[in-house]
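See structure below.
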Amino acid sequence: MPIRRSITQANFDSSFTAAQPGVPARLSIDLKVTLVPLDPSVDWEPPQVTPVPPVQLPPAHLAATMSMAKHGPVNDYNDDPVDCRSWLVTEWNEFKSRFKKSVEHAWNGQMILLPTESDDPSDRLSDADYLELVSAPSVQAHAEGVLSIELMPINRIGHVLIEVAHLETPGDRFRVWMNRLTDETVRFKFHHHQDWPDWSTGQITAAHEIGHWLRDLNSDHFEHIDAAYAQTVPQAQRDKAQYGRTLGRREALMGGGSVVTEHEAQPWIGRLRRHSTMRFGWSLIHAIEFRKVRNNIPERQRRLAGGR
């Protein structure tokens, strides 16, 4: 059975593009995102997690000038009210553009998905499918994992619905979550932890929060890198533990950093198992490591693509 080109689902879509000479194969997770410029003057509280975007849209407001802006408190994840104002039209247009670029940039350029041989003939790619992963005889068969964001009009709900508040005072503390961001979440931010006082991690918060939307159909969110481990420690320690119990894990994008690890690649690996006939033979290698071994050609590839 040939590799499926596209899969459409309520959580996210995905598309596979075969390799061309000099151009690697690509598995793209395609996420339709509806951003709403939140009206802070309206008393409105979204659920802490929204697995399926609700029918009712949050209150939205855009102001042509600052004199037309509305003002009011908006609750953050901890239910702490923070003073916010309306978005100016020019600010909103700039934010949307920066949101797409910064989120895609944070996720892309790191994930290389490799097919590995199996002794089980029922869990192998056909020769034709394997060749769809070969862009050159001298480069290992692989597919790049990428994230593609499509911004939807305010009145059309896609896979993702996110309210975006604009802080009245720049730098005010506001704990965001997957359903509610602020104007500052598209900026790179450093994180510090008392366990590693001489080290810091950094990330674009919006990219981390979009990661929570890369969920399975039977789940309301994609978890932090150490969410399971966090359940084994005392309650008071769980909040910080879920972002990474070691510094290496804390550097992950679904921790407190920006590195795409095997954890972040799970949605792509899961989709590859549905796009192809191979269920268990896919593995992740980071793009930096792949550059070191990309010319180590498997025997099967030598046999199939040596003359290409």
Cross-link list K32/K100; K189/K240; K32/K70: which exceed 19 angstrom alpha carbon to alpha carbon? K32/K70
Full extension between Y229 and A10 adds, at 0.36 nm per residue less the Cα distance, a length in nm of 76.0 nm
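Among 273-285, 240-252, 117-129, what's the highest-first ranking by average C-beta atoms within 10 angstrom per residue? Show your work: numbers first, answer last.
Details: 273-285: 17.4, 240-252: 19.2, 117-129: 12.8.
Highest to lowest by the protection proxy: 240-252, 273-285, 117-129.
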Grab the beta carbon distance between Y77 and Q266, set R0 = 25 Å, and tell me the FRET efficiency rounded to 0.05. 0.55
May I ask which residue of H212, V23, Q242 lies farthest towards the positive end of the charge dipole of the chain, with charges of +1 (Lys, Arg) and -1 (Asp, Glu) on Cβ and the Cα centre as origin? V23
One would report the antiparallel percent of DSSP beta bridges in segment 126-234, rounded to the nearest 5, as 65
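Cα convex hull of the chain: how many Å³ per residue? Before the final figure, lay out the partial values.
Details: hull volume 46.3 nm³, N = 308.
Enclosed volume per residue, from the Cα hull, is 150 Å³.
How much net charge surrounds N11 when only other residues with a Cβ under 13 Å from its Cβ are counted (Lys, Arg +1; Asp, Glu -1)?
Values: positive: K32, R215, R271, R274; negative: D13, D30, D216, D220.
Computed value for this residue: 0.
Taking every DSSP beta bridge with both residues inside the chain, roughly what % is antiparallel (nearest 5)? Intermediate results must be reported in sequence, preceding the final value.
Values: 30 of 50 bridges.
Taking every DSSP beta bridge with both residues in the chain, the antiparallel ones total about 60 percent.
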hull vol. (C-alpha, convex hull) per residue for segment 169-279, Å³ -> 133
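Every read-out reported here was derived from the displayed coordinates using simple, explicitly stated rules and does not represent laboratory data. Small disclaimer: the values here were computed from a predicted structure and weren't measured. Note that we place each Cβ from the backbone using ideal geometry, even for glycine, and neighbour counts take in every protein chain shown.
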